[in-house]
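Report on one structure; see the data block that follows.
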Amino acid sequence: MIEEIRIRDLGVIAEATLTLGPGLSVVSGETGAGKTMVVTAVGLLLGARSDAGAVRTGAKSASAEASVRLPSGHRALARALEAGGEIDEFDGGEFDGGGGPFAGLLLARTVGADGRSRAHVGGRSAPVGVLAELGEQLVAVHGQSDQIRLKSSTAQREALDRFAGDFQQTFAAGLEQYRALYRRWQHAQTDLDELRHNGRERLQEAEALRQALTEIDQVDPQVGEDDALKAESIKLSNLEELRLASQQAREALISEDFGVDADATTLVDTAKRLLENVADHDEELGSAAARLTEAGIVLADIARDLAGYSTSLDSDGPGRLAEVEDRRGVLAVLVRKYAPSVDEVLSWAQASRVRLDELQDDSGRIEALEAEVAAAAAQLAVLSARLTTSRTKAGTELSRRVSAELTALAMPDAKLVIDISTASAPGINGADEIVFLLQPHAGAAPRALGKGASGGELSRVMLAIEVVLAAVDPVPTFVFDEVDAGVGGKAAVEIGRRLAMLARHVQVLVVTHLPQVAAFADQHIRVTKTSGGGFTSSDVTLLDDGGRVRELARMLAGQEDSATAQAHARELLDEARSGR
């Protein structure tokens, strides 16, 4: 819900703060005082088109800010975070009468006198379109020139489906079953169309894969072979250097050519015997002699290894080097054609064999897919027929309930007509085209919502629909402007009562000129106009009980100080409180 709205330099409002709470809040005031600027501010926060003419005369810009409080996990919070905004998380506290974690989100919009507009979500600059996306999830505005929330056929179908899910408990499960089957049917149909329409391309692909795999199989590359051959090539290309180095190293370890004093193993052996001769005199020298013994053994092993290495080099030669380079050349061809390395060539070949098997089995797959598509289509027809039946029953009940509400809202001959027809082709939500129509009076042709009705009548129609849908299709906040236009007396009382009914489920903000409506408010906000110094400005005040009585007296008789009018106002408040 919206906790607070702050307005600056918008229309006749220089600066105002509206502190709102749950339930029903009404805004009243004299004609021209600026009541509609409250609705304008909300519209700006919902991404409505900006109008430089709404900027207060003499001001550089106008701004509107709103602090919104939502339960943690609300989808609007995720969109705000995605847009880069920041949210404030709280562990607990009351929200709509219940405890639990919640989050705070700040929305802001600035409109310059030059017509330029800026939007902020969660303290961060964002496109105005983001405000519009959030607005669809947070607030529904119904007024003379405002967009109808249920204008699109998609929104109307979703609203009817939610009502049907509440009206018939099996509907939601049936719709999900249909959607899952439709996705499988769609996937199978897509595969079948591809097989039928791309046969030549698939044959060409299969032939290309077959040739490539034949080439790879003939070469028969092994895992890691390219790296192994590279290492062997480097070795064979440097045989003489390797042989000379290994021979000299061996001679340095054990060779008479270096002389007795230069032979490493002899020197180590000499040092060991010298220490062994005196080891009885000092245990530390005995330990050193033992370590020299181990060193001698290691040196002898290394010398033998070097002798073996030199011998192995004699078996290699130019012939083997040529073989290695030829093999590397053959592997390079595969790497150049199919993948960056031999290992990746092997992986590509494995995947290509699977793909080739698929391409070679086209005829069998076509038959299987045809059978799958036919079976799924037959079952979809059965499920969609069930959905149509359920929607028809739900539509009849929704129409009956809304029409009953319209009767109480001074539109006794009006009727909501929910037209359900067969779509040109089944879709993800069934085979139904759903349209909400308004029949203004008996004998008149039903027309689409928003056509053939005044702003006030349309607001009442939407109020009737929202009251019926509130329990199953809630938006956190509703704003109504002109909902009471052209009515009075008992009808006005019924409008107030139904607004209060809607406010049991959601937050409702209403701009009204009728005391019968205002009497039902949980909070009453008054907009007053003052003039002076060549300027006109408006102030916004949250009324206490005494202030409400005086304002209702003004709305009733135009005389807020009249004792009779105030008595009537108190009576109206008492009746509203007892009739909620």
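Conditions (1) within 19 Å of GLY364 (Cα to Cα); (2) under 28 Å from the mean Cα position of the chain (by Cα), marked per residue:
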position	(1), (2)
ALA164	no, yes
GLN168	no, no
GLY174	no, yes
GLN177	no, yes
ARG183	no, yes
GLN189	yes, no
GLN204	yes, no
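So which pairs qualify, if the first residue must be in the range 1-26 and in a strand (DSSP E or B), the second must be aromatic (Phe, Trp, Tyr) and surrounded by fewer than 20 Cβ atoms within 10 Å (Cβ to Cβ), the Cβ gap must be under 9 Å, and the two must be at least 6 apart or on different chains?
Partner pairs satisfying both residue conditions: ALA14/PHE535.
Can you tell me which residue among ALA208, ALA212, ALA228 is more than 14 Å from TYR338 (Cβ to Cβ), hydrophobic (A, V, I, L, M, F, W, C) and either in a helix (DSSP H, G or I) or touching a residue at least 40 places away in the same chain (Cβ under 8 Å) (or both)?
ALA228
Filter the range 304-363 for residues that are more than 15 Å from GLY224 (Cα to Cα) and of a type in the set (Asp, Glu) and give the result.
ASP305, ASP314, ASP316, GLU323, GLU325, ASP326, ASP357, GLU358, ASP361, ASP362
Any idea which of PRO318, PRO340 is surrounded by fewer than 15 Cβ atoms within 10 Å (Cβ to Cβ), in the same structural domain as SER237 (by TED's automatic domain parsing) and under 40 Å from the mean Cα position of the chain (by Cα)?
Working: PRO318 fails: under 40 Å from the mean Cα position of the chain (by Cα).
Criteria check complete, one pass: PRO340.
Right, ALA339: without any contact (Cβ under 8 Å) to a residue 12 or more places away in the chain and among the aliphatic types (A, V, I, L, M) or not?
Values: without any contact (Cβ under 8 Å) to a residue 12 or more places away in the chain: yes; among the aliphatic types (A, V, I, L, M): yes.
Yes; evaluated as a whole, the condition is true for this residue.
Counting only residues that are modelled with pLDDT of 90 or more and either among the aromatic types (Phe, Trp, Tyr) or in the same structural domain as VAL223 (by TED's automatic domain parsing) (or both), how many does the range 355-374 have?
Result for the range 355-374: 0.
I'd like to know if the range 44-53 contains one or more residues that are surrounded by fewer than 21 Cβ atoms within 10 Å (Cβ to Cβ) and part of a strand (DSSP E or B).
So far as the range 44-53 goes, no, none of its residues is surrounded by fewer than 21 Cβ atoms within 10 Å (Cβ to Cβ) and part of a strand (DSSP E or B).
Would you mind finding the one in ALA164, ALA140, ALA188, ALA212 that is in contact with a Leu (Cβ under 6 Å, 6 or more places away or on another chain), buried (at least 16 other Cβ atoms within 10 Å of the Cβ) and of a type in the set (A, V, I, L, M)? If you could, list the steps in order and put the result at the bottom.
Values: ALA164 fails: in contact with a Leu (Cβ under 6 Å, 6 or more places away or on another chain); ALA140 fails: in contact with a Leu (Cβ under 6 Å, 6 or more places away or on another chain); ALA212 fails: in contact with a Leu (Cβ under 6 Å, 6 or more places away or on another chain).
Result: ALA188 is the single residue among ALA164, ALA140, ALA188, ALA212 that is in contact with a Leu (Cβ under 6 Å, 6 or more places away or on another chain), buried (at least 16 other Cβ atoms within 10 Å of the Cβ) and of a type in the set (A, V, I, L, M).
What's the number of the only condition in (1) surrounded by 15 or more Cβ atoms within 10 Å (Cβ to Cβ); (2) part of a helix (DSSP H, G or I) that PRO221 fails to meet?
Condition (2) is where PRO221 drops out.
What about ALA377, is it surrounded by fewer than 17 Cβ atoms within 10 Å (Cβ to Cβ), part of a helix (DSSP H, G or I) and not assigned by TED's automatic domain parsing to the domain that holds VAL467? So that I can check it myself, show each step before the final result.
Numbers: surrounded by fewer than 17 Cβ atoms within 10 Å (Cβ to Cβ): yes; part of a helix (DSSP H, G or I): yes; not assigned by TED's automatic domain parsing to the domain that holds VAL467: yes.
Spelling it out, ALA377 is indeed surrounded by fewer than 17 Cβ atoms within 10 Å (Cβ to Cβ), part of a helix (DSSP H, G or I) and not assigned by TED's automatic domain parsing to the domain that holds VAL467.
Can you spot a residue in the range 248-270 that is charged (D, E, K, R), modelled with pLDDT of 85 or more and either buried (at least 17 other Cβ atoms within 10 Å of the Cβ) or not in a helix (DSSP H, G or I) (or both)? Show your work before the answer.
Let us first name the residues in the range 248-270 that are charged (D, E, K, R), namely 250-251, 256-257, 261, 263, 269.
Subset that is modelled with pLDDT of 85 or more: none.
Checked the range 248-270: no residue is charged (D, E, K, R), modelled with pLDDT of 85 or more and either buried (at least 17 other Cβ atoms within 10 Å of the Cβ) or not in a helix (DSSP H, G or I) (or both).
Among the residues of the range 104-135, write down those that are crowded, with 20+ Cβ neighbours inside 10 Å and without any contact (Cβ under 8 Å) to a residue 40 or more places away in the chain.
LEU105
Mind checking whether some residue in the range 430-448 is touching a Phe, Trp or Tyr at 6+ places or on another chain (Cβ under 7 Å), crowded, with 18+ Cβ neighbours inside 10 Å and outside the structural domain of LEU134 (by TED's automatic domain parsing)? Give the derivation first.
Step one: filter the range 430-448 for residues touching a Phe, Trp or Tyr at 6+ places or on another chain (Cβ under 7 Å), giving 430.
With crowded, with 18+ Cβ neighbours inside 10 Å added as a condition, the list becomes 430.
Subsequent filtering for residues that are outside the structural domain of LEU134 (by TED's automatic domain parsing) retains 430.
Yes, because at least one residue in the range 430-448 is touching a Phe, Trp or Tyr at 6+ places or on another chain (Cβ under 7 Å), crowded, with 18+ Cβ neighbours inside 10 Å and outside the structural domain of LEU134 (by TED's automatic domain parsing).
Which residue is surrounded by the most Cβ atoms within 10 Å (Cβ to Cβ), if the candidates are limited to the range 406-429 and must be farther than 21 Å from LEU469 by Cβ and in contact (Cβ under 8 Å) with a residue 60 or more places away in the chain? I'd like the intermediate steps shown before the answer.
Residues of the range 406-429 farther than 21 Å from LEU469 by Cβ: 412-413, 421-428.
Now drop any that are not in contact (Cβ under 8 Å) with a residue 60 or more places away in the chain, which leaves 426-428.
Values: PRO426: 19, GLY427: 15, ILE428: 10.
Among those that are farther than 21 Å from LEU469 by Cβ and in contact (Cβ under 8 Å) with a residue 60 or more places away in the chain, it is PRO426.
Listed residues LEU556, LEU573; which is at pLDDT 80 or above and touching an Asp or Glu at 6+ places or on another chain (Cβ under 9 Å)?
Working: LEU556 fails: touching an Asp or Glu at 6+ places or on another chain (Cβ under 9 Å).
Selected residue: LEU573, the only one of LEU556, LEU573 that is at pLDDT 80 or above and touching an Asp or Glu at 6+ places or on another chain (Cβ under 9 Å).
Pairs needed: first member in the range 346-372, closer than 26 Å to VAL335 by Cα; second member anywhere, β-branched (Val, Ile, Thr) and in a helix (DSSP H, G or I); C-beta distance under 7 Å; at least 6 residues apart or different chains.
Partner pairs satisfying both residue conditions: ALA349/ILE216.
Among (1) over 19 Å from LEU24 (Cα atoms); (2) among the hydrophobic types (A, V, I, L, M, F, W, C); (3) under 34 Å from the mean Cα position of the chain (by Cα), which single condition is ALA444 missing?
Of (1) over 19 Å from LEU24 (Cα atoms); (2) among the hydrophobic types (A, V, I, L, M, F, W, C); (3) under 34 Å from the mean Cα position of the chain (by Cα), only one is false for ALA444: (3).
Would you please name the residue that is farthest from LEU18 (Cα to Cα), looking only at residues in the range 60-80 that are in contact (Cβ under 8 Å) with a residue 24 or more places away in the chain and loosely packed, with under 14 Cβ neighbours inside 10 Å? Can you show your working first?
Step one: of the range 60-80, the residues in contact (Cβ under 8 Å) with a residue 24 or more places away in the chain are 60-72, 74-77, 79-80.
Remaining after also requiring loosely packed, with under 14 Cβ neighbours inside 10 Å: 60, 75.
Working: LYS60: 22, ARG75: 25 Å.
Within the range 60-80, the match that is farthest from LEU18 (Cα to Cα) is ARG75.
The values are calculated or read from the model by the stated rules, or taken from the named source; none is laboratory data. Model, not experiment: these values are computed from the prediction. Cβ coordinates were reconstructed from backbone atoms using ideal geometry, including for glycine residues, and neighbour counts include every protein chain displayed.
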